[in-house]
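Data first, discussion second: the structure below is written as structure tokens.
The values are calculated or read from the model by the stated rules, or taken from the named source; none is laboratory data. Quick caveat: nothing in here was measured; it's all calculated off a predicted structure. Note that we place each Cβ from the backbone using ideal geometry, even for glycine, and neighbour counts take in every protein chain shown. In case anyone asks, the SASA skips ligands and DNA or RNA and just uses the protein heavy atoms, side chains included. Shrake-Rupley method; radii C 1.70, N 1.55, O 1.52, S 1.80 Å.
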Amino acid sequence: MSRNRKRPAVDHGECNLCEGCITVCPSVFFMNELGFVDVVNMEEYPEAEVDEAIMMCPEDCISWEE
């Protein structure tokens, strides 16, 4: 069975580094060594938690990509 593999993505150009996504979903989002919010590589992402981070993002810079 082939699953659709969605991955969260952060638009670094729009991100204001509020770290709300890290607070809501620390298993997926983290601050990388360059000071940008980044996404952990995972086989499958917790959709409900990522969706909450997307909804709470003040800059609307987090999205799902296929």
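What are the pairs with Cβ atoms under 6 angstrom where one residue, in segment 48-64, is without any contact (Cβ under 8 Å) to a residue 40 or more places away in the chain and the other, located anywhere, is in a helix (DSSP H, G or I) and among the small types (Gly, Ala, Ser)? Sequence gap at least six, or different chains.
Cβ pairs passing all conditions: MET56/GLY20.
Search segment 7-66 for residues being aromatic (Phe, Trp, Tyr) and in a loop (DSSP other than H, G, I, E, B), and hand back the single one that is least open to solvent (accessible area, probe 1.4 Å).
Among them, the one singled out is TYR45.
Could you please give the count of residues in segment 25-55 that are closer than 20 Å to GLY13 by Cβ and among the small types (Gly, Ala, Ser)?
So the count comes out to 2.
For ARG3, all conditions in the list (1) surrounded by fewer than 11 Cβ atoms within 10 Å (Cβ to Cβ); (2) modelled with pLDDT of 95 or more; (3) within 17 Å of GLU65 (Cβ to Cβ) hold save one; what is the number of the exception?
Looking at each condition in turn, ARG3 falls short on (2).
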